[in-house]
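A short worksheet on the structure shown next.
Any read-out appearing in this document is the output of simple, stated calculations on the displayed coordinates, not a laboratory observation. Fair warning: this is a prediction, and the values are worked out from it, not measured in the lab. We place every Cβ from the backbone using ideal geometry, glycine too, and count neighbours over all the protein chains shown.
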Amino acid sequence: MTEAESKPRLLVLVGPTAVGKTNLSLEAAVRYGCEIVSGDSMQVYRGMDIGTAKASREERAAVPHHMIDICDPDHLFSVAEFQERVRRLIEDIHRRGRLPFIVGGTGLYVESVCYDYKFSDIGIDESYRKELNDYADRHGEAALHDMLAQADPESARRIHPNDRRRTIRALEIVRATGSPQSPEATGPKKESPYELCIVGLTMDRQILYKRIEARVDLMIEQGLVREVDALLRRGYTTDLPSMQGLGYKEIVGYLQGEYDLPFAAELLKRNTRRFAKRQLSWFRRMPDIRWIDVTEPNFSAHLQTFHDILAGKFTPDPE
């Protein structure tokens, strides 16, 4: 048996938001006997359904889904916790004779599982953390984020300027280790603990942007404002990382009277377009991805290309 043959198989589908991952993943999962593992950092939160574009109840009934609705929005969920949980899930799915299939768009989370990320045991520096919090209170979140951009540009690129908690944690690690690195991680190494097959979906940028705009309109029609209002009424504060997520912070501004709903919708569209651009940049740096251009609306052809890629990499046993 070769080394590749001795590794557990792992199928992965990545791509920017609104590119069409869900439909393709459901079809492929049925054909290859997969269980889907969400690779989205926001879908872990209960009560955050519309803004995170979770698979519907019907879709989750058709194919087993994991890493959805596993914690409340005030839980400080981390990439290290994601890696630990998903690696256990992969083992469990294999024991049942199924193929684990990660589907999602949070690059760091997906990559932390696919490759050999090693997470540090660096503890909390309370005095330095207080110093940084005081600095942010005096000068603002942007000034704190600028500190990180100088110390660790790569982490600053990933962390939102308003995410004080993650910015401070990244600065703590730089201070403790003396070197820039990904938040709480050293890596990734190029080797994977799995026999990987990673497929990426891409499309013409302008067409993707139109799909994003249509998705935002649909989210608002489906009740995104009610969803965010319900979270606020349940006591989830706006400084929580979950409430700073895309689709939530923009609606919070509307609910707090900072601007009207049309402005909130346009703001969300703009921020989602920018997010999609960052997603594509991240995934294009990952090794091993086989890309499918889904610009032309020919789902059957795209699905066939997906099957061809799997046949060339590994052929999971169909049910």
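Sorting 283, 101, 275, 82 on the 10 Å Cβ count, fewest up front, what's the list?
275, 283, 82, 101
So if we plug the beta-carbon distance of residue 191 and residue 278 into 1/(1 + (r/R0)^6) with R0 = 30 Å, what FRET efficiency do we get, rounded to 0.05?
0.70
How high is the FRET efficiency between residue 221 and residue 92 when r is their beta carbon distance and R₀ equals 41 Å, given to the nearest 0.05?
It comes out at approximately 0.65.
Gaussian network model of the chain, Cα springs within a sub-10 Å range: biggest mean-square fluctuation belongs to which of 234, 85, 164?
Of the options given, 234 has the highest mean-square fluctuation.
Quick one: 94, 66, fewest Cβ neighbours within 10 Å first, how do they rank?
94, 66
Would you mind computing, in nm to one decimal, how far apart the modelled labels at residue 162 and residue 80 are, each placed 7 Å from Cα along Cα→Cβ?
2.7 nm
Rounded to two decimals, what is the ratio between the C-alpha radius of gyration of the range 219-262 and 2.2 N^0.38 Å?
Against the compact-globule rule of thumb, the ratio is 1.04.
Using a/c under 1.5 as the rounded threshold, could you call the range 59-99 rounded, prolate or oblate? The axes a ≥ b ≥ c are square roots of the C-alpha gyration tensor eigenvalues, and prolate needs a/b larger than b/c, oblate otherwise.
oblate
Grab the beta carbon distance between residue 116 and residue 303, set R0 = 35 Å, and tell me the FRET efficiency rounded to 0.05.
The pair residue 116/residue 303 has a calculated efficiency of 0.65.
Which entry in (1) 17; (2) 24; (3) 31 matches percent of Cα pairs over 37 Å apart derived from the coordinates of this structure?
Comparing each candidate, only (1) matches the computed number.
Longer than 25 Å from Cα to Cα, which of 54/249; 21/313; 54/130; 54/118; 7/313; 21/210 are they? Say none if no pair is.
As for pairs spanning more than 25 Å Cα to Cα, those are 54/130; 54/118.
Amide H to amide H under 5 Å from residue 290: which residues, 5+ apart in sequence or cross-chain, H placed 1.01 Å off N in plane?
198, 199, 200
Rounded to the nearest 10 degrees, what's the angle between the helix 205-222 long axis and the longest principal axis of the chain, both from Cα atoms, 0 to 90?
70 degrees
Between rounded, prolate and oblate, where does the range 1-160 land on the alpha carbon gyration tensor, with a ≥ b ≥ c its root eigenvalues, rounded for a/c under 1.5, else prolate if a/b exceeds b/c?
Since a/c reaches 1.5 and a/b is larger than b/c, the shape of the range 1-160 is classed as prolate.
Starting from 0.36 nm per residue, how many nanometres of slack lie between residue 30 and residue 237 once their C-alpha separation is accounted for?
Between residue 30 and residue 237, full extension yields 70.6 nm more.
Roughly how tilted is helix 261-285, in degrees to the nearest 10 and between 0 and 90, from the longest Cα axis of the chain?
60 degrees
Sorting 309, 68 on the 10 Å Cβ count, fewest up front, what's the list?
Going from sparsest to densest Cβ surroundings: 309, 68.
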